[in-house]
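The values are calculated or read from the model by the stated rules, or taken from the named source; none is laboratory data. These figures come from a predicted structure and were not determined experimentally. For neighbour counting, all protein chains shown are included, and Cβ atoms are generated from backbone atoms with ideal geometry for every residue, glycine included.
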Amino acid sequence: MAEAVRFGVTLPQIKKSWDETRAAAVEIDALGYDSAWVCDHLYGMPMPNMPIFEAYSLLAGVAAVTTRVALGALVTPPFFRNPAVLAKQIATIDHIAGPGNRMIAGLGSGWFASEFEGYGCEFPDIARRLAALTDTCEILRRMWTQEQPSYKGSVYRIEDVVCEPKPLSTPRILIGGGGEKVLLRLAARYADIWNNLAVNQSELPRKLEVLHEHCAREGRDPSQIEVSQQCVVVLAPTQADAEISITKAERVYGGHMGVGLREHGIWGSPEVVVEKLQRYVGMGCRHFVMEFFGRDVREPARLFAETVLPAFR
């Protein structure tokens, strides 16, 4: 049997009410999607003055109203939270979510300096942020699996720390990003899932080549790492409708997630979207983290579930 292909959906979080987020989460859960995601930003993207819910408070609420989808943040950087406290937060949400190994710890290096500085968080150079990411991976795993672990890293440390109750199942670690020298090496060492960010969508084959090289150096079988792709999905009933929507989407997303959207993005009628997704599956992608374009995420999510999901089940 071919390896399963999974589909996740980004939940409404910016300029939305909790009622809207909850309704979308419940429907995504019921429609048969595999995962639901929030972004871990303190400022709305791409404009800081846009209202946005905090990621882990939101995930706790979503965990309580859903029953089966995996849950994660794409992605949590160092220096927003002490990693030991983050381990405790995720362990707690895992209990709210219940059985089924639903929690995914999505981690990255961070990039938007203004939100760190505005909230009084340290935002050092990339080398120190990646060193802190290494410590975060070590601390999370140890706190979830060992009784009273100690660890002294270059940035963070724990001392005979107690994390009780432990998660019901050890959460999977996702590392997101494309830095070829260090971040992909950390993914090869620690990640259960590696996520290629939307801005690097066209570079997926190259990034996978580098990841596999790091796996060889780390003595890790690349097949142990699930490859996921963050992407905008512009789905319409017909290709003519999709042509209108993709033009709007390019204006809305701009340079943050709209880079190469028309050339490399997942957009079109259901038949065209299936074909484009299959192209990425052929490259090795097994999990798509999709941001549906539309005012109400439930509408394209329903159309996708009816017309696209069956081709991969």
Report summary line: (1) in contact with a Ser or Thr (Cβ under 8 Å, 6 or more places away or on another chain); (2) farther than 21 Å from Ser57 by Cα all hold for Ala105 apart from (2)
Report summary line: Filtering region 202-256 down to residues that are of a type in the set (S, T, N, Q), in contact with a Leu (Cβ under 9 Å, 6 or more places away or on another chain) and either in a helix (DSSP H, G or I) or free of Cβ contacts under 8 Å to residues at least 60 places away in the same chain (or both) yields Ser245
Report task. Answer yes or no: is there a residue in region 237-258 that is farther than 16 Å from Met290 by Cα, surrounded by 22 or more Cβ atoms within 10 Å (Cβ to Cβ), among the aliphatic types (A, V, I, L, M) and touching a strand residue (DSSP E or B) at 6+ places or on another chain (Cβ under 9 Å). Result -> no
Query raised in the report: If you scan region 5-30, which residues turn out to be touching a strand residue (DSSP E or B) at 6+ places or on another chain (Cβ under 9 Å) and farther than 16 Å from Phe293 by Cβ?
Result: Val5, Arg6, Thr21, Ala25, Asp29
Query raised in the report: Among the numbered criteria (1) at pLDDT below 95; (2) touching a Ser or Thr at 6+ places or on another chain (Cβ under 8 Å); (3) farther than 30 Å from Gly118 by Cα, which single criterion is violated by Ala2?
Result: (2)
Report task. May I ask you to list pairs of residues, at least six apart or on different chains, whose Cβ atoms are under 6 Å apart, with the first in region 280-307 being within 17 Å of Ile14 (Cβ to Cβ) and in a helix (DSSP H, G or I) and the second being among the charged types (D, E, K, R) and at pLDDT 95 or above? Result -> Arg298/Glu27
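Restricting to region 158-196, count the residues that are more than 24 Å from the chain's Cα centre (by Cα) and over 15 Å from Lys88 (Cα atoms). Break it down into steps so the answer makes sense when it comes.
Looking only at region 158-196, we keep the residues that are more than 24 Å from the chain's Cα centre (by Cα), and these are 158-165.
Subset that is over 15 Å from Lys88 (Cα atoms): none.
Total meeting the criteria: 0.
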Report task. Exactly one condition in (1) within 27 Å of Asn49 (Cα to Cα); (2) more than 21 Å from the chain's Cα centre (by Cα); (3) part of a loop (DSSP other than H, G, I, E, B) is not met by Gln148; state its number. Result -> (1)
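Please determine whether any residue of region 41-55 is over 20 Å from Phe116 (Cα atoms) and surrounded by 19 or more Cβ atoms within 10 Å (Cβ to Cβ). Before you say what the answer is, go through the steps one by one.
So in region 41-55, the residues over 20 Å from Phe116 (Cα atoms) come out as none.
No, there is no match, as no residue in region 41-55 is over 20 Å from Phe116 (Cα atoms) and surrounded by 19 or more Cβ atoms within 10 Å (Cβ to Cβ).
Looking at this structure, is Ile104 crowded, with 18+ Cβ neighbours inside 10 Å and either modelled with pLDDT of 95 or more or touching a helix residue (DSSP H, G or I) at 6+ places or on another chain (Cβ under 7 Å) (or both)?
Values: crowded, with 18+ Cβ neighbours inside 10 Å: yes; either modelled with pLDDT of 95 or more or touching a helix residue (DSSP H, G or I) at 6+ places or on another chain (Cβ under 7 Å) (or both): yes.
When the stated conditions are applied, Ile104 passes them.
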Report task. Say whether the condition of being in contact with a Ser or Thr (Cβ under 8 Å, 6 or more places away or on another chain), under 21 Å from Asp40 (Cβ atoms), surrounded by fewer than 19 Cβ atoms within 10 Å (Cβ to Cβ) and not basic (Lys, Arg) is met by at least one residue in region 181-197. Result -> no
Query raised in the report: When you scan region 1-87 for strands (runs of 3 or more DSSP E) that lie fully inside it, which ones turn up with 1 or more residues that are more than 30 Å from Ile158 (Cα to Cα) and either of a type in the set (Lys, Arg) or more than 16 Å from the chain's Cα centre (by Cα) (or both)?
Result: 6-10
Query raised in the report: Would you pick out the residues in region 1-53 that are of a type in the set (S, T, N, Q) and touching a helix residue (DSSP H, G or I) at 6+ places or on another chain (Cβ under 8 Å)?
Result: Gln13, Thr21
Query raised in the report: Could you say whether any residue in region 113-126 is more than 18 Å from the chain's Cα centre (by Cα), outside any loop (DSSP other than H, G, I, E, B) and closer than 18 Å to Val182 by Cβ?
Result: yes
